[in-house]
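Here's the structure we're looking at; comments come further down.
The values are calculated or read from the model by the stated rules, or taken from the named source; none is laboratory data. Computed from a predicted structure; not experimentally measured. Glycine also receives a Cβ, built like all others from the backbone with ideal geometry; neighbour counts cover every protein chain displayed. Only protein heavy atoms, including side chains, enter the accessible area calculation; ligands, DNA and RNA are left aside. Shrake-Rupley method; radii C 1.70, N 1.55, O 1.52, S 1.80 Å.
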Amino acid sequence: VILTVTLNAALDITYGLERVAWNSVNRVDAVDVRAGGKGVNVARVLHALDVDAVVTGLAGGATGAELRAELARAGLRDELVTIAGETRRTVVIAARNGSETTLFNEPGPQVSMEEWRAFEERFRNLVAGAEAVVLSGSLPPGVPLGAYASLGAAAGSPVVLDADGEALRLGLDARPAVVKPNADELGRATGLAVSNLEEIAAAADSVLEAGAQAAVVSLGAEGLLACTRDGHWRARPAQRVEGNATGAGDAATAALVLGLVRGQTWPERLLHAAALSAAAVASPVAGEFDRELYERLLEDVVVEAL
Ligand SMILES: Nc1ncnc2c1ncn2[C@@H]1O[C@H](COP(=O)(O)OP(=O)(O)OP(=O)(O)O)[C@@H](O)[C@H]1O
Ligand SMILES: [Mg+2]
């Protein structure tokens, strides 16, 4: 089983409407409510691929209860630790006209030191039975900035880390098997320029020096760049997919952790990551993907050694 950690889980509310008129009244014609946060999205993608995934992290209050009910409906295994604070919501405004998507992400509940210790305890128990661990997303207030470093150090199994800023930078101390930043996150974590592929590769190499065993940088519609000690590879989607790119990174992370536990070669891992994440763009909801497109793209994503 693959353990996914979502410390700042969220109830994702997606409002669908034709167009947004600011300073005016908008009639929402489609409402989707589901459990979210990056680790939850990764688990959802794994579950859809018939891979056993367990969701842990923190959840509390009425919103936390709603989130857990939705996880149960989706058939996902819930090992979230209950906290006193109220789980956050994220609101996604998806306008079909011009396919513009606007996100409002609440910061998340305050977590006490006792709650954090209780989580660490639960994590140690769960990780003992896991083939790999995914640590992803932001940290709620009160959780130490070095959380991913300490969880990674406590994990006996390989870690895939998808985080931003200090949480990512400090997390490198735990020597994660794979980190999956996008270019902006890579730039923030390293303080280096990331305006072209060469700079991105150099910044990714500095992440390897800082402890990561491999860095896979996602480049939006341009695909992915993997930097490892065995070489550098680039995957390009055969086509630009139109749709909602929110959660595409989580689909890429799901493919990367699966490739890790299945012992795939780097070109195979990138092929699956590029195809699965592009297929996720085609699906309006984070954590879901267009299965037919995934299978079709597996035939024509181009992976090259650099
Ligand atoms: N328009 C697109 N067409 C085809 N593939 C795409 C497109 N956008 C993204 N992808 C695929 O999805 C992967 C992840 O996307 P991106 O780099 O935007 O991740 P991200 O910024 O981490 O996103 P998030 O964290 O919001 O899920 C890319 O590496 C690429 O393979
Ligand atoms: Mg991301």
If you take every DSSP beta bridge whose two residues both sit in the stretch 24-121, what share of them, in percent to the nearest 5, is antiparallel?
45
Surrounding charge for residue 129, neighbours by C-beta under 13 angstrom, Lys/Arg +1, Asp/Glu -1, total 0
Add -39500 (n - 2.57) for each DSSP H run of 4 or more in the chain, then divide by its residues: what number comes out at 222 nm, to the nearest 500 deg cm²/dmol?
-11500 deg cm²/dmol
Using modelled amide H (1.01 Å from N, peptide plane; none on Pro or chain starts), what sits under 5 Å from the amide H of residue 6, excluding residues fewer than 5 places away?
56, 57, 58
Distance in nm between pseudo-label sites at residue 105 and residue 268 (7 Å out along the Cβ direction from Cα)
3.3
Once Lys and Arg are counted +1 and Asp and Glu -1 for all other residues with Cβ under 13 Å from that of residue 81, the total becomes -2
Determine the gain in length on full extension of the stretch residue 300-residue 188; use 0.36 nm per residue of separation and subtract their C-alpha separation, reporting nm with one decimal.
37.1 nm
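Determine the per residue accessible area of the stretch 148-306 with all protein chains present and a 1.4 angstrom probe, expressed in square angstrom.
On a per-residue basis, the stretch 148-306 sits at 41 Å².
I'd like the Kirkwood hydrodynamic radius of the chain, using the inverse of the mean 1/r over distinct C-alpha pairs, in Å. Provide the component values of the computation, followed by the final result.
Numbers: mean 1/r = 0.0517 Å⁻¹.
Result for the chain stands at 19.3 Å.
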Could you calculate the FRET efficiency of residue 198 with residue 25 from 1/(1 + (r/R0)^6), where r is the beta carbon distance between them and R0 is 45 Å, rounded to 0.05?
0.35
Just for the chain, what percent of DSSP beta bridges are antiparallel, to the closest 5?
45
Just to confirm a number: summing +1 for Lys and Arg and -1 for Asp and Glu over residues other than residue 304 whose beta-carbon lies under 12 angstrom from that of residue 304, what do you get?
+2
